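Report on the structure given below.
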């Protein structure tokens, strides 16, 4: 079994970074979120969803590191110097909060080399699975539409090289905290959802067989494609593979925030249609009583 990490869903890990081939900037040993959007709307999508993610990150995963602004009281800085400092801050991946506090950026857009697909890399103590789950759960429960271009979000606990042995090592690490706890392990019903984009080295059946073999049956785990407790996501993108274990995937429309909004609209319309006939039936007796009184 691969070396365990203290946090199964955040950054950090036991894999030595190995540069992936191909024309994408995606690399192994990272955590993040794949985001899909309409063609040509990648920048719009990143702007809106990164702003929302930043809000959730600050609330769910507060960063202990804050940077002191040593030049705060320097009154001799001119406009040009201020601009240069801003540019330097961007290069150092520093973000300025509303209260003026400087913190290290923990969300970074990575070039995927493909249309309609973004990868937002997370850093530090951010757990991509919880981040995506909470954004989608809130969108579903509140009915508030905050996005226009964002479609499906796929949380990635960890990435690796999309080859059989690296995938096997990655799966051992990602699955252990969910399926092979040292104490108190409950039997789980699970399903496996492999997805392939621009990849030909491995196929669907090969991946499913490998993952199912690692899960095993020693704790009573079994496959259930319809009523599963957890879903194992295997996202193969070019020469990189990412994995995560999630809950409420179907309930939250596959983490497709656009479909969540559509479901909210449909639900609102259905509720309106059921209440309007009820009001109409209440008004009819009242009108009849008015006629009798006037007679």
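Coordinate-derived values only; no laboratory data. Here the structure is a predicted model, which means the values were calculated and not measured. Heads up, the Cβs are rebuilt from the backbone with ideal geometry, glycines too, and the neighbour counts pull from every protein chain shown.
With the cut-off at 1.5 for a/c, could you classify the range 112-222 from its C-alpha gyration tensor as rounded, prolate or oblate? Oblate. Cα gyration tensor of the range 128-188, axes a ≥ b ≥ c as square roots of the eigenvalues: rounded (a/c below 1.5), prolate (a/b > b/c) or oblate? It comes out oblate by the Cα gyration axes.
How would the range 190-264 be classified by its alpha-carbon gyration tensor: rounded, prolate or oblate, with rounded meaning a/c under 1.5 and the a/b versus b/c comparison settling the rest?
oblate
The ranking of 31, 268 by Cβ neighbour count inside 10 Å, starting from the fewest, reads 268, 31. The length gained on full extension between residue 209 and residue 61, counted as 0.36 nm times the residue separation minus their Cα-Cα distance, comes to 49.8 nm.
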